[in-house]
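Below: the structure, in structure tokens.
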2 protein chains.
Amino acid sequence: MSDRSEAPVVPVGAFEPPYYVAVFTAVRTQDQHGYSETAARMEDLVKDVPGFLGMDYAQTPGGPAITVGYFRDADALTQWRCNAEHRAAQMRGRAQWYQSYTLHVAKVERSNGFARAEDPQSPRAD
Amino acid sequence: MSDRSEAPVVPVGAFEPPYYVAVFTAVRTQDQHGYSETAARMEDLVKDVPGFLGMDYAQTPGGPAITVGYFRDADALTQWRCNAEHRAAQMRGRAQWYQSYTLHVAKVERSNGFARAEDPQSPRAD
């Protein structure tokens, strides 16, 4: 984790199905006091959930944010959903940080990935 | 569609399960020539697929992009996957626009949404 900020940004890869995705789409309010600290804490906490596989996040400035969490099975998702600190954060989110959001929980049936062959550590020849 | 740009940005809502999500996470290359035209064309084309329910998109500047497409059933997704123009765009994406990507296709088992009660069209009282 110590070298996370130096790692190249790559999307979480494809796992062997079945696994679960939790797709959380949101538009935030203007009051984001405390948000980033809580988000960082949640990102640390979820890593302790057995069966947590990874997370993707993207945010258009001033627009929607999408978080996708990947979990090995429904039990892992249930454990995360019932985490007391996570539940408190969700409640604060509804009270303060989110204008609107949607959560879709789904079982992955197929997946595939693509990565360009070139080594990102090598300088480009062109 | 003519008033799309005036509509407030809200995430696609929760549908009655089961339905399908296609989660496409990507990091793009520096060569984005032609990308935005093709993306706009795909956004129009997918609306003609019977069973297409909606789409969410977020992009962190210089970072990952996440597209989530919502479909009523697997047949709708198959129809979109087999669309000739879409397949040509995917091929060009691998050749030119994407550094890496992952696609997760999943069947939604539960979903829920939240929206702040206040009317976004009304001026704030405070």
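The values are calculated or read from the model by the stated rules, or taken from the named source; none is laboratory data. Nothing here was measured: the structure is a model prediction, and the numbers come from that model. Ideal geometry is used to build each Cβ from the backbone, glycine not excepted, and the neighbour counts take in all protein chains shown. Surface accessibility is based on the protein's heavy atoms, side chains included, excluding ligands, DNA and RNA. Shrake-Rupley method; radii C 1.70, N 1.55, O 1.52, S 1.80 Å.
Semi-axes, largest first, in whole Å: what does sqrt of 5 times each Cα gyration tensor eigenvalue give for the protein assembly as shown?
Numbers: eigenvalues 151, 109, 83 Å².
With the √(5λ) rule applied to the protein assembly as shown, the semi-axes are 27, 23, 20 Å.
How large is the convex hull of the C-alpha atoms of chain B per residue, in Å³? The partial results should precede the final answer.
Details: hull volume 18.1 nm³, N = 126.
So the per-residue Cα hull volume is 143 Å³.
On average, how much accessible surface per residue is there in segment A:1-96, in Å², for a 1.4 Å probe, leaving out ligands, DNA and RNA?
On the way: 5400 Å² over 96 residues.
Value returned for segment A:1-96: 56 Å² of accessible area per residue.
Enumerate the amide H contacts of A:Y98 below 5 Å, restricted to partners 5 or more residues apart or on another chain; note that Pro and chain-start residues carry no placed amide H.
Distant-sequence amide H within range of A:Y98: A:T29.
Residue by residue through segment B:11-24, what is 3J(HN,Hα) from phi via Karplus (6.51 cos²θ - 1.76 cosθ + 1.60, θ = phi - 60°)? Round to whole Hz and write x for glycine and proline.
Once rounded to whole Hz, the list reads x, 4, x, 7, 9, 6, x, x, 8, 10, 10, 10, 9, 10.
What dipole magnitude, in Debye to the nearest 20, does segment B:51-96 give about its Cα centre under +1 on Lys/Arg Cβ and -1 on Asp/Glu Cβ? Mind dumping the intermediate values first?
Working: 5 positive and 4 negative charges, 44 e Å.
My answer is approximately 200 debye.
Relative contact order for chain B: what is it in percent, counting Cα pairs under 8 Å that are at least 6 residues apart?
On the way: 152 pairs, mean separation 52.4, N = 126.
With pairs under 8 Å counted, the relative contact order is 42 percent.
Within chain B, which is the longest segment containing none of the trypsin sites (Lys or Arg not before Pro) that sit in a DSSP loop and have at most 15 other Cβ atoms within 10 Å?
In short, B:48-115.
Per-residue mean of other chain beta-carbon atoms within 10 angstrom of the beta-carbon, peptide A:60-71? Working shown, then result.
Details: counts 8, 4, 1, 4, 9, 5, 13, 2, 7, 0, 3, 0.
If you average over the peptide's residues, the count of other-chain Cβ atoms is 5.
Rounded to whole Hz and in sequence order, give me ³J(HN,Hα) for segment B:60-72 from the Karplus expression 6.51 cos²θ - 1.76 cosθ + 1.60, θ = phi - 60°, writing x for Gly and Pro.
7, x, x, x, x, 10, 10, 10, 10, x, 10, 9, 5
With a 1.4 Å probe, what is the total accessible area buried between chains A and B, in Å² rounded to the nearest 100? Don't jump to the answer; show the numbers that get you there.
On the way: alone 9370 and 9320 Å², together 14490 Å².
About 4200 Å² of accessible surface is lost on pairing.
With the full set of protein chains in place, find how many percent of the accessible area of chain A is carbon and sulfur; take the probe as 1.4 Å.
On the way: 3800 of 7270 Å².
It is 52 percent, rounded to a whole number.
What is the calculated FRET efficiency for B:R41 to A:A84, with r their C-beta to C-beta distance and R₀ = 51 Å, to the nearest 0.05?
Once rounded, the FRET efficiency stands at 0.60.
Put a point 7 Å out from Cα along the line to Cβ at A:R94; what are the distances to that point in the other copies, in nm, shortest first?
Label-point separations across copies, in nm and ascending: 4.4.
Please average, across the residues of A:92-104, the number of beta carbons from any other chain that are within 10 Å of each residue's own beta carbon, and give a whole number.
Mean partner-chain Cβ count within 10 Å for A:92-104: 6.
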